[in-house]
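Laboratory data are not the source of any read-out in this text; all were calculated from the coordinates shown. Being a predicted model, the structure only gives us computed values, none of them experimental. Cβ atoms come from the backbone with ideal geometry, glycine included; neighbour counts cover every protein chain shown.
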Amino acid sequence: MDFSEEIRSKAKELLESGTVDCIIGYERATDGVVARPLFVYQPSNVDRLIFDQTCAHNLTKYLLNRKDKATAIVVKPCDSRAINLLINESQIQRDKVSIIGVVCPGIVKAGLDNTSGELQDACLTCQQHTPVLYDFLVGEPASEPDVPDAYPDVSGMEDKSAGERRAFWEEQFSRCIRCYACRQVCPGCYCLECFVERLDPMWVGIRIAPGENEVWNTIRAFHLAGRCIDCNECERVCPVNIPLSLLNRKLGKEVEELFNFQAGIDAETPMPFSTFDKEEKLGISE
Amino acid sequence: MKPENPLLPYLSTLQELIDLTPDVKLFRLELNDPDIRESFDYKPGQFVFVSAFGVGESPFGITSVAHRKAGLDVAIRRVGTVTNALHQLEPGATVGVRGPFGNYFPLDEYKGKNIFIIGGGIGFAPLRPIITTVLDYREDYGDLVIINGARSPQDLVFAPEFDAWAASPKTKLELTVDAGDEKWTGKVALIPSVVSELKLSPQNAIAITCGPPIMIHFTLIELRKLGFADNQIITTLEGKMKCGLGKCARCNVGEKYICKDGPVFSMEQISQLIEQF
Amino acid sequence: MAVEYQPKIVGFLCNWCSYAGADLAGTSRICYPPNIRIIRVPCSGRVDPLLVVKSFQQGADGVLIAGCHPGDCHYSEGNYYARRRLALLHTFLEYIGIEKERFQIQWVSASEGKRWAHVVSSFTEGLARLGPRETTLHKETV
Amino acid sequence: MSEFISKQDLLTWLGQLMGERNLVAPTRVDDLLLFRKVDRVEDIVFDFDNTTMSPKEWFYPSSETLFYVEQKDGQTELIPAAIEKETAIFGIRPCDAQGMAMNDYPFLEEPADALYMQHRDKTALIGLACITACPECFCTSMGCGPHDPANVDILLTEVTDGYIAQVLTDKGKTLLPDNLLTTADVSSPPAPVLSEVPSDGIAEKMRQAFDEPFWDRLADRCIHCNICSYVCPTCYCFDVRDYTDKERIERVRSWESCQSPGFTRLAGGHDPRSTKGSRLRQRFSHKLLYFPRQFGALGCIGCGRCVRACPVNIDIREIIKDVQQLGVKSEA
């Protein structure tokens, strides 16, 4: 199952035909084991493109830097939902993007090599092995596995007592160094000025301390409620290993249960917080 | 007086608050501690950090001259959180002053030369101490031409002193605005065009300019057309600053720090900088 | 004599219904505990989750959001949007360890002065039983 | 012949240190390794590559109050923050110790930063020589070495049943009582061999590469987070703002990174360094060109943390190699 060859030939064709002037894909990193994002502008460079189980990055965020340029992008199924999100929120135009979708074999844990076969937790409960949209598909779509509980990690946290949860999150948030990698890597985070950097009023400010960290982490996750496409990038990039997916996936689970909505499945369904149902009670007592 | 903690401001009192333009006020400050006040010496071109306690501190060019011993003046335009907080203060309020920082206009080297002052908007403020010094020691310097431009007549800073300047010996004052109003009788033109219209001669002359980047860019073109060499054109650079001591590394242009190696640079020095701001 | 614990409540009241309801409670001389600090907002839809989280961070023991009954909103849809947002916030705050009894959303109309007093007093009693919140406001980083 | 301390004596000594001062050492926090204050010797980790965050946070914390502003009967008073308690950092690697010495240049240059100077004076460094090298580190190419005793007060090198102890400064002498040391006929193990990085003359090459499109191409994949600056022992840029808590005002200094959007943005919105490429170039020029020009030493000590932590593998070793050859072949 070597997708690299197919991606390279498709990339070469797109570049030589002038359909696009840049391919965003993956290449081998300097440690020779994992992958890293690659931008290809010349057909002669397509041979650096690879695809295997170390290609963890969600490349769709880079489309926001090339909004008016024709771009091709290699997209895993979870990442493909981000394209629907960005189209739905009118950040990118569908006709500017040539999507090389890949049927996903699952991504290995950080740092492991392609042959290790030890998938990261996020992939174990994945029910989306085929991209939701693509122009070209690499690999054969397979039937989705039956996953009884899609959110075992979230229910694990929900079963804890309020005191345990408080202690857990307080310790996690106290470690945050506010490097904002979780924001910079997230396709859903594209505000020109993030609330955390506002000075007037200064909601959070520059002090790196438990109190301010908690406001930052809580509201960052909440701003992705009903928008997070569960690509696990925020958790992957966090240098101090805060389980950020545990926050976003809780909101994803609630939005699914309350509003029967999953972000990025399509680009037309109105976003949950931009609409309402007059009769819904949502547990607020009358 | 070597500051034992360079990030600790001197407590100062706001003596007087004068409205120069709708969004610029002149702050007349006095350092509370008499010894520090006595030894607080500075030269034209240097700057201080003024603290609005509770919000932060920002750098401002000093517009007064030390030799007149009449308090420390800074002109502040309301544009950000610190400046907004400062603009809401009343005389008698306590502020912090840190400095003086940066290098200065080498006025001694300009003795005997003609001096052309070209300032745009709030950029004119750090040039005022040069005018005051030249007029206080008039014989030491040649002709003085002052070009002060702004968006509109009410945006011209230090208007109360225009008459005194215009009446001074061997001194010419040219005021210009981007857009006049019904009472305005002076020039309506961009500063660079005034520079070329006046045909300033580079003979034995120094041109000192300060203002928004776009104005400086075109003023340089005109000055070079008139034959000014790069070491005859002096300007000040503006950068994000948080310490004034070359420690926070925020205001670097290439390997030079605006706060320590500047803010005053000749165009010759600027053209040698590898990073172009 | 140990100082009896008085919970601090921050209340965001929509100007058209709940604020008027609270006003009615006052003019009708209905007593209710003074623990609530009321912030008037144009509509419950104006309440940004950031305001709620910031209130808890600054040391609030409880946060109450009161708005018009669904259908009565002066801006016709404000409380519909608020309902979705705040219902989700309620479960999310509980998830990160802020007990669900500390955050309440109530629909109080301009004529429900008595009900407003009851809402505040029962909320205060509930919080008093729960005890003060361990806030991370001044905790050392390391 | 060299001074020797047994593992057991070391543990008892560290226990004593804990009583009289803050003892900071590498400890496990979940699956991270961080320098934390320890109050149990069992929490100290002795065999490790290096910590996730550098010990910089103990000299120049991520956030620190510079001074408090208090109103006393109508008079405003500034109370500068002061460091009372002594601290000892155990387990600092020679590369990090050199990193701290690099930070002395900007911070202690006249007029010295008062708070940083107190941290520096009141903190003793008990170094631990590297027995194995991590895949990403390259300190030998940057003027340091796995057994380099230059910037620590005491250097311990692990041998069987204990450590060779080199006491290098007065601070080290007052810290480690002689009675714990015995002379033993044991020599330190060979230093691990590290990957070489061609750093000679890198400053001039960076100067020549300044206007190359190389930086914009490199910045394509950079997401401009602050990880590389915050994990780095020799990144010292900072931001300053005031905080108004209920009773008093405090001026807080926090880490800032040249990659963050507000680094050079002026009030009014003008940002002289707004392109992604120019911001990325700023970081590597500061370390490999500006710092050497200003202070005569490279601003990178090869600890490899930014290489490990970067989400998109912006690798300073690769950059140095590419910049060295930039004159030779042009980057695609």
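From largest to smallest, what semi-axes in whole angstrom does the stretch B:107-236 give when each is the square root of 5 times an eigenvalue of its alpha carbon gyration tensor?
In descending order the semi-axes read 22, 18, 12 Å.
Once the Cβ-Cβ distance between residue B:168 and residue B:272 is put in as r, and R0 is 35 Å, what FRET efficiency do you end up with, to the nearest 0.05?
Between residue B:168 and residue B:272 the formula returns 0.45.
Based on C-alpha coordinates, I'd like the Rg and Dmax of the stretch B:1-61, in Å.
Using the Cα atoms of the stretch B:1-61, the pair Rg, Dmax is 12.7, 39 Å.
Rank D:298, D:156, D:78 by mean-square fluctuation in a GNM of chain D with C-alpha springs under 10 angstrom and give only the top-ranked residue.
Taking springs between Cα atoms under 10 Å, the residue moving most is D:78.
May I have the extent of the alpha carbons of the protein assembly as shown along their three principal axes, as whole Å values ordered from largest to smallest?
93, 92, 80 Å, listed from the longest principal axis down.
Give me the extension gain from residue B:89 to residue B:19: residue separation times 0.36 nm, minus the current Cα-Cα distance, reported in nm with one decimal.
Once the chain is fully extended between residue B:89 and residue B:19, it gains 23.9 nm.
Taking residue D:72 as the anchor, which aspartates and glutamates have their alpha carbon closer than 13 Å to its alpha carbon, excluding any fewer than eight residues away along the same chain?
Cα-Cα hits under 13 Å: D:247.
Per residue Cα convex hull volume for the stretch D:143-239, in cubic angstrom?
That works out to 209 Å³ per residue.
For the stretch D:79-88, take each phi angle, set θ = phi - 60°, evaluate the Karplus expression 6.51 cos²θ - 1.76 cosθ + 1.60, and give the result in whole Hz per residue in order, putting x for glycine and proline.
10, x, 5, 9, 9, 8, 7, 6, 9, 10
To make sure I understand, if each residue's beta carbon is the centre and we count other beta carbons within 10 Å, what order do B:21, D:51 fall in, fewest to most?
If I rank by nearby Cβ atoms, fewest first, I get B:21, D:51.
Round to the nearest 0.05 the FRET efficiency obtained for residue A:91 and residue A:158 when R0 = 35 Å and r is the Cβ-Cβ distance.
In this case the efficiency is close to 0.60.
Based on alpha-carbon atoms only, what is the radius of gyration of the stretch A:152-272 relative to the globular estimate 2.2 N^0.38 Å?
Computed over Cα atoms of the stretch A:152-272, the ratio equals 1.08.
Straight-line reach from residue D:173: which aspartates and glutamates have a Cα under 14 Å away, not including same-chain ones fewer than 8 places off?
Cross-link targets: D:3, D:153.
Using Cα springs under 10 Å in a Gaussian network model of chain D, which residue among D:87, D:169, D:183 shows the largest mean-square fluctuation?
Judging by the Gaussian network model, the answer is D:183.
Report the percentage of all Cα-Cα pairs in the stretch D:202-324 whose separation exceeds 19 Å, rounded to a whole percent.
53
Show me, for the stretch B:132-143, the HN-Hα J-couplings you get by feeding each phi into the Karplus relation (A = 6.51, B = -1.76, C = 1.60, θ = phi - 60°), rounded to Hz, glycine and proline as x.
Couplings: 4, 5, 4, 6, 6, 10, 3, 5, 6, 10, x, 5 Hz.
Please identify the DSSP H helices in chain D that span no less than 15 Å along the helix axis (Cα) and have a mean Kyte-Doolittle hydropathy of -1.0 or more.
Correct list, ordered by number: D:7-20, D:94-108.
Would you calculate the separation in nanometres between label points at residue B:103 and residue D:46, each defined as 7 Å from the Cα along the Cα-to-beta-carbon direction?
Inter-label distance under the simple model: 5.6 nm.
Counting DSSP beta bridges with both partners in the protein assembly as shown, what percentage is antiparallel, nearest 5?
Roughly 55 percent of the DSSP beta bridges within the protein assembly as shown come out antiparallel.
Contact order normalised by length for the stretch D:2-184, with contacts defined as Cα pairs under 8 Å and 6 or more residues apart; what percent is it?
25
So, R0 is 41 Å and r is the distance between the beta-carbons of residue D:1 and residue D:21; what FRET efficiency does that work out to, to 0.05?
0.85
Pull the list of chain B cysteines that no other Cys approaches to under 4.7 Å, Cβ to Cβ.
For chain B, the answer is B:210, B:251, B:259, because their Cβ atoms have no other cysteine Cβ under 4.7 Å.
Under 16 Å between alpha carbons, and skipping anything fewer than 8 positions from residue A:61 in its own chain: which lysines qualify?
The qualifying lysines are A:69, A:76, A:96, D:276.
Measuring from label point to label point, each 7 Å out along Cα→Cβ, what is the residue A:137 to residue D:187 span in nm?
About 6.8 nm separates the two model spin labels.
Are there chymotrypsin sites (Phe, Trp or Tyr not before Pro) in the stretch B:119-199 that DSSP puts in a loop and that have at most 15 other Cβ atoms within 10 Å, and which ones?
Hits after loop and neighbour filter: B:137, B:184.
Just the number, please: percent antiparallel of the DSSP beta bridges in chain B, rounded to the nearest 5.
Looking only at bridges with both residues in chain B, the antiparallel portion is about 60 percent.
Using square roots of five times the C-alpha gyration tensor eigenvalues, list the equivalent-ellipsoid semi-axes of the stretch B:10-101 in whole Å, biggest first.
Ellipsoid semi-axes (Å, largest first): 19, 14, 12.
Distance cut-off 18 Å, Cα to Cα: go down the list B:260/D:122; B:199/B:225; B:111/B:170 and report the pairs above it.
B:260/D:122
Sequence-distant or interchain residues sharing an amide H contact under 5 Å with residue B:79, placed H: which?
B:84
Using amide H atoms built in the peptide plane, which far-off residues or other-chain residues are under 5 Å from residue D:123 H to H?
Those qualifying (amide H under 5 Å, at least 5 residues apart or on another chain) are D:87.
Considering only A:144, A:118, A:233, give the residue with the highest GNM mean-square fluctuation for chain A, with springs between Cα atoms whenever their separation is below 10 Å.
Greatest mean-square fluctuation among the candidates belongs to A:144.
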